[in-house]
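Some notes on the structure that comes next.
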């Protein structure tokens, strides 16, 4: 089968590889239709890790060596193992992260924090291929009214859904999203769908335009030299940019007694004015990945109601162009929006 295989820094090859093993008990093999690329894929491609175990074996997946990328994938079930409820031909999305079900976090429902967690497409072979075999429990059926082009967004939308769940904003209240990039834009859509008044700030006017199309009620362009939010007194603030100044800017916007939800991943440790946060009694919490069995169905529900791909997806390319038109253009900043690979397109 054809697959996009990462060998090292800036060394991703589209080649023929062996098909995945037949599904075991509780597993399904998915014939992949589409697979998204994100900033994590770009980072792993650029540096050859560190999340992808190209040399030493991953402690939980056991995989080492060249790795089929792709953790945002959807398709149809081509084979179903024993004791599964899905059938051949069912269209599904996958959450990509695998959890053990038995450790302390799993027993409390926080499967995203599983002590043995690993991710298909990062820790082991993923969905940038004709086929991938995964546990059925991390798959959600896609209804007929949700297109392949929209359904492929389910995994990143689930991350936005998890952040919204962690925040628990009061019904109908105003929220602020700092950064309208990949996850930030999807969070805007999720929050608007939940009936919240969504404010958004970003350095890029184009991203703010997209945020308004996704349901933002107010937007503000940030001046880097100023570094403060034009919106103040917001009870719930999401920091999705991961920038060095992001948390500080969120603090300038948060109401006393409000809540900041850190979603973006900074490239290095950042300074934060904890004195102001303490005096104002602002809660600072974090959100990581998603709880598959709760957040992925919610994501599919949203995608069944709204065509987010028309705003979010910038280009759909064939697997043979994944480097030239995908990762290379993403690295240069030439792509404004998400890149999706149509795995079914002939190479």
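Any read-out appearing in this document is the output of simple, stated calculations on the displayed coordinates, not a laboratory observation. This is a predicted model, so every value here is computed, not measured. Here the Cβ is made from the backbone with ideal geometry for all residues, glycine too, and neighbour counts use every protein chain on show.
Below are the figures for this structure:
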{"quantity": "The chain: calculated mean residue ellipticity at 222 nm from DSSP helix runs of at least 4, using -39500 (n - 2.57)", "calculated": "-7000 deg cm²/dmol"}
{"quantity": "Antiparallel DSSP beta bridges within the chain, as percent of all bridges there, nearest 5", "calculated": "55"}
{"quantity": "Length-normalised contact order of the chain in % [C-alpha pairs under 8 Å, at least 6 apart]", "calculated": "17"}
{"quantity": "The chain: angle of helix 292-305 to the longest principal axis, Cα-based, in degrees nearest 10", "calculated": "80"}
{"quantity": "Shape metrics for the range 118-187, restricted to C-alpha atoms - Rg then Dmax, Å", "calculated": "15.2, 44"}
{"quantity": "Sites residue 221 and residue 265, calculated FRET efficiency, Cβ-Cβ separation with R0 30 Å, nearest 0.05", "calculated": "0.80"}
{"quantity": "Cα centroid of the range 154-193 to Cα centroid of the range 309-335, whole Å", "calculated": "24"}
{"quantity": "Residue 145 paired with residue 100, simple spin-label distance in nm, labels 7 Å along Cα-to-beta-carbon", "calculated": "4.2"}
{"quantity": "Modelled label reach - residue 64, point 7 Å along Cα→Cβ, the range 1-39 residues with backbone N closer than 17 Å", "calculated": "7-8"}
{"quantity": "Estimated distance in nm for a label pair at residue 115 and residue 283, the labels positioned 7 Å out from Cα along Cα-to-Cβ", "calculated": "2.7"}
{"quantity": "Candidates 275, 13, 305, ranked by Gaussian network fluctuation over the chain, Cα under 10 Å, top entry", "calculated": "275"}
{"quantity": "Stretch gain in nm, segment residue 213-residue 324, where the contour uses 0.36 nm per residue and the Cα spacing is subtracted", "calculated": "37.0 nm"}
{"quantity": "Scaled radius of gyration (Cα, divided by 2.2 N^0.38 Å) that the range 235-347 gives", "calculated": "1.41"}
{"quantity": "Translational diffusion coefficient (Stokes-Einstein; Kirkwood radius from C-alpha pairs) of the range 157-286 at 37 °C, 0.692 mPa s, in µm²/s", "calculated": "233"}
{"quantity": "Hull-based mean projected area of the chain, where the convex hull spans the alpha carbons, in square nanometres", "calculated": "16.9"}
{"quantity": "Protection proxy ranking, peptides 55-61, 74-80, average beta carbon neighbours within 10 Å, highest first", "calculated": "74-80, 55-61"}
{"quantity": "At R0 = 41 Å, FRET efficiency that the Cβ-Cβ distance of residue 294 and residue 16 yields, to 0.05", "calculated": "0.60"}
{"quantity": "Burial ranking of peptide ranges 287-297, 238-248 (average Cβ count within 10 Å, highest at the top)", "calculated": "238-248, 287-297"}
{"quantity": "Relative contact order, percent, the range 157-286 [alpha-carbon distance under 8 Å, six or more residues apart]", "calculated": "21"}
